[in-house]
Amino acid sequence: MLRKPLFLLTLFFIHSGFAQNNNDSIPAESFIPTVTEFYNLNIRLKSNIESISIPQKNEAKKIYQHRKSEIEKALKKGEYLSIEFGKGYIEEIYQEILQQNPSLTQPDLLLIDRDWIPNAYCTSEGIIALNLGLLHRLENQSQIAFVLAHELAHGHLDHVNKHTEDMIKSFSKKELKRGGHYEDLSKGDVSAIKSLIYKTFNYSKKSEEQADSMALELIKNTRFDFTAYREVMSILDSAKYPKYQDLLELRNWLFYDEYPFKEKWLRPVERSGLYNENAPSFIFSKDSLATHPDVEYRSKLLDSLFSNRSLVETNNEYSAKSQRDSHFQFMVDKEIIYSTLFNKEFAVCLYYLSARMKKFPGESWHEAVLGKLFYELYQARKSHTFGKQVPSTVPAGHWLEETVTFLNNVRMSEYKKLTFWQFYSRTKIEELDEGQHFAFWEVSKGINDGLQHSLKESYFQRFPDGEYVDQFQTKE
Amino acid sequence: MKKKLIGYLLISIVTFYGFGQSREFLNVVNMRQQSGGAIYKNDVVSGYYFFYSIGSATKGKKTFILSILDENLNDVNTKTFEEGKKTFLIDGNFNGENIVLKFYDRKARKMSYLYFDTRGELLKRDDLDFVPGGMTVVNNDGFVDYLKEYYDQSYSIRFLPTVDSTANNAINPWYKTFDPPAKNVAFADYLCTANNLIVNMVSIKRTRTGTKINFRLQGIDYQTGEEAFNIDLQDSYNNQPLKAYFNEEKQTINLIGLFYSPDVKALKDNGSGLFNYEINLSGEILDKQYLFWTREFREYMEIDNSGMAVSEERKGFLYFHEILRHEDGSIIAIAEQYRKAADAAGIALNVAGALLGGGASASTTKIQVYDMAIFHFNSDFSIRDVRFIPKTKSNITLPSGYDFTNVHLLANYVRAIGGFDYLYTTQNDQEGTTSITYLDYEKVEGEPRQWAFNAATLYDGEYTMDKLKIGRPSDAKNLAILPGKPGNVVVVEYNKEEKSLSIYLEKINY
């Protein structure tokens, strides 16, 4: 039993954590970890270490410690949203699965990862996360339920730790000698290295099969449509393409009377000529590094679990797209733009923003976000971190090709001007948030010093205790 | 579903594009980077090679992994070889058709040329006796390797023609040796390619370490190996060629360098100025231009009557690193100032040594390297601009016995040990920029001294400065900067705390 002051303190943190995250506004606030979350991570670490079943305890311990520390960093950096996002849309799916499957091992935390890549994952630290990128593609609660059930299955079957420990054990000197690999490896036999590494990925594929089939059983106990796995597989199969596939036509809308679009911004970069479409990933073949069986195989495997085809029914209530599903998707589509900006995935942010601006023209928040995006790109160039955040090229025909070409061709001084003109001609100052207002002020220097002065005054009026108050002095 | 946290193993492997690093993984496999570098196509970075040894040697042989990346750091191909355990990859070039990598087996004293196509597939291999040399690209037709054994009076040139997918040569390979006049030593350096001619600067000296050099210009038809011309460059002045380029519109070779008064026996000062010769493809000198420090340059620099800078801070010599053409046809010459100075530490050591009964054991002279100097000429070689870029002075301690050595030889020594701050010049033809890069150990108010990578970029007639702080060895994060594709550098960032390495291309801002 906690002592009273500490108990109250803990309750305060828990309450304030939930209170801050229980909202329907975009951009959503990051999940704020409390003492409880860090406490749970420590408990899980302790449990993971105590249950190490292989002789290589120190090596396994190091990996678990490293993973825990990576998760703590990600939590502190604000890389997750609470599942309160969307007014409990995800939460109710989760509760339904748990309630109908009471023997299922529960994770400590279910979160939404801001990552735009369609994915979801389970960690041995008691966390299950669904990427915003996956929620952006899934269309209804049944589809989300299948994904969630799959991850819960991984957690229940303790796949992560089992895989880790098996990997460590099989790469131990003793096991390598027993398996007859040691001599080949010590001589640097590349085939032997590859074969061992591929084996670990095959093991991973078997775990995926188990999680898929268990997920199906879990969903059958709920009100959700258990055939939704087919749609999920189809969505995963098309995951390498964006949801909205359309040419950006940047030159048609990214222009200002005072600062017209420059054709050189879309000029393709000359290539040296070195190129191999079948290039390996270092010594490894890329196909052999896939951690999941291919989608067609997974679908067939799941289909085969139905011995009687008449059992394959659709439950209309949860397979059709409801208004609530549409509303959640709408929120995700907006949030993913903010999250890609937050994560500094600038090329993807510009792509999603452009696609959305084309689909829903005239929404003022788009224009303000675009101004902020240009400002972040300007800062990235100034601080020489641009190359970490924007790829220098993508393969020809890739959906990001036009975006990446554009971003790489714009010079630092041009980003400053784009930021200024975007804010100046497309936004209203009173609609800008704090960060956007400050960005507008900073780039005005040297372009319109009079305006810069009035922007500073208006900032202090609008945000007298704002977080950028001190920075005005530093940057002047 | 795919795990967010990448497998521990893969992290070890894919972040291995470090430099001079070794790593053990899978508890048993030792992997060490032997060498790495940029692959150049006509002086432009077009890719990278990394060469690793893996595992332990067996019967004198070892397994090596060769990894080829494109200019955007994407994998092109990886090949595995079994070679002598003292094998190094020493040079890499790309001519648009073939990548040729030169390997050296130090124990067997053998060198191998390996030809790859643009997908990194091996086409052909030639194994030969080792001779030191440097390779360069000749259009799309092949490569030339300039070879010189230390004790040889003569120099040799090997032409390696492009190999097609069936390992056939379109042009015959050849190997020629060129002898100097009797009792002389000759060296050759590549200057440029002019249609089917490779143009070389030939230096002829009485002895290997002599300072009196007779320079000649040689043109060789690379399709046949026959010499097209071999002309003496000495006339009313002693000329020291630095660079040449081929003017395609006029079909002439422009040769630029320093010239000295004829009575100067050793090249011990800045000379009288810069010269520009226009030469046709038969070796005839069509035009000669001389720009004197005390005359033409005086309008742009404060020079006294002896050709030395007037101000104390500008007094010294110029070491020319590079001369090249800007996209508008103008010419840029990049130099760095240096001078000899008394080394107080060296003097103190020698005095102390003398007092204790010993002889002199330290050089009492040092070389000070300081500001960059950029000379900008119009296409007709008239001066457009001269500017100096200030940077922190650095002191190069000289080994004992170097006090009385000729100052230009000292400059060569400084260059050989990496004492100059100049790094390289990169040009982006698409953007029309020329970026001159150099290091500076700078002091900024409120911060400790640290290294910074600097770039002065000429664009649209104006220079813009850009800087990337590299940090100090003791910092938690260290950066290394490598040449990148036009307009870019490659940043290698090592985080000591996280033990992580990231490598990415970064733009030079202008």
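The values are calculated or read from the model by the stated rules, or taken from the named source; none is laboratory data. Keep in mind that what you see is a predicted model, and the values were worked out from it rather than measured. Cβ atoms come from the backbone with ideal geometry, glycine included; neighbour counts cover every protein chain shown. These area figures cover heavy atoms from the full protein model, side chains too; ligands, DNA and RNA do not enter into them. Shrake-Rupley method; radii C 1.70, N 1.55, O 1.52, S 1.80 Å.
At a glance:
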{"item": "Tally of residues being outside any helix (DSSP H, G or I), of a type in the set (A, V, I, L, M, F, W, C) and away from chain B (no Cβ under 14 Å) across region A:233-263", "result": "5"}
{"item": "Residue within region B:166-187 that is in contact (Cβ under 8 Å) with a residue 60 or more places away in the chain and surrounded by 13 or more Cβ atoms within 10 Å (Cβ to Cβ) present", "result": "no"}
{"item": "From A:N221, A:N278, residue being surrounded by fewer than 14 Cβ atoms within 10 Å (Cβ to Cβ) and either at pLDDT 85 or above or over 27 Å from the mean Cα position of the chain (by Cα) (or both)", "result": "A:N278"}
{"item": "Strands (runs of 3 or more DSSP E) lying entirely in region B:29-130 (those with 3 or more residues that are within 14 Å of chain A (Cβ to nearest Cβ) and out of contact with any Phe, Trp or Tyr (no Cβ under 8 Å at 6 or more places or on another chain))", "result": "B:44-58"}
{"item": "Only one of A:L104, A:L111 that is in a loop (DSSP other than H, G, I, E, B) and either over 28 Å from A:F146 (Cβ atoms) or open to solvent by less than 20 Å² (accessible area, probe 1.4 Å) (or both)", "result": "A:L104"}
{"item": "Sole residue being open to solvent by 60 Å² or more (accessible area, probe 1.4 Å) and modelled with pLDDT of 90 or more, chosen from B:D380, B:D385", "result": "B:D380"}
{"item": "Answer residue from region A:369-391, given it is touching a Phe, Trp or Tyr at 6+ places or on another chain (Cβ under 8 Å) and of a type in the set (G, A, S) and is farthest from B:L69 (Cα to Cα) among those", "result": "A:G371"}
{"item": "Scope region B:131-172; condition in a strand (DSSP E or B), more than 20 Å from B:A38 (Cα to Cα) and within 19 Å of the chain's Cα centre (by Cα); matching residues", "result": "B:L147"}
{"item": "Within region B:1-28, tally of residues that are part of a loop (DSSP other than H, G, I, E, B), modelled with pLDDT of 50 or more and on the phi < 0 side of the Ramachandran plot", "result": "1"}
{"item": "Close pairs (8 angstrom Cβ cut-off, 6 or more residues apart or separate chains): more than 7 Å from chain B (Cβ to nearest Cβ) in region A:179-191, modelled with pLDDT under 80 anywhere", "result": "A:H181/A:L196"}
{"item": "Condition broken by A:S392, with the remaining ones in (1) closer than 25 Å to B:N488 by Cβ; (2) among the hydroxyl-bearing types (S, T, Y); (3) away from chain B (no Cβ under 11 Å) satisfied", "result": "(3)"}
{"item": "The one condition in (1) more than 12 Å from chain B (Cβ to nearest Cβ); (2) at pLDDT 90 or above; (3) within 25 Å of the chain's Cα centre (by Cα) that A:L266 fails to fulfil", "result": "(3)"}
{"item": "Qualifying residue in region A:281-295 (condition: free of Cβ contacts under 8 Å to residues at least 40 places away in the same chain and under 30 Å from B:E431 (Cβ atoms))", "result": "no"}
{"item": "Residues that are out of contact with any Phe, Trp or Tyr (no Cβ under 8 Å at 6 or more places or on another chain), of a type in the set (A, V, I, L, M) and more than 12 Å from every other protein chain (Cβ to nearest Cβ), drawn from region A:192-232", "result": "A:M214, A:L218"}
{"item": "Some residue of region B:449-458 being among the small types (G, A, S), within 30 Å of B:L291 (Cβ to Cβ) and either assigned to a loop (DSSP other than H, G, I, E, B) or open to solvent by 30 Å² or more (accessible area, probe 1.4 Å) (or both)", "result": "no"}
{"item": "Unmet requirement for A:T474, which otherwise passes all of (1) surrounded by fewer than 16 Cβ atoms within 10 Å (Cβ to Cβ); (2) at pLDDT 95 or above", "result": "(2)"}
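This table checks each residue for (1) open to solvent by less than 30 Å² (accessible area, probe 1.4 Å); (2) closer than 23 Å to A:Y338 by Cβ; (3) assigned to a helix (DSSP H, G or I).
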residue: A:Y94; (1), (2), (3): yes, no, yes
residue: A:E125; (1), (2), (3): yes, no, no
residue: A:L134; (1), (2), (3): yes, yes, yes
residue: A:L138; (1), (2), (3): yes, yes, no
residue: A:A145; (1), (2), (3): yes, no, yes
residue: A:E151; (1), (2), (3): yes, no, yes
residue: A:T164; (1), (2), (3): yes, no, yes
residue: A:G180; (1), (2), (3): no, no, no
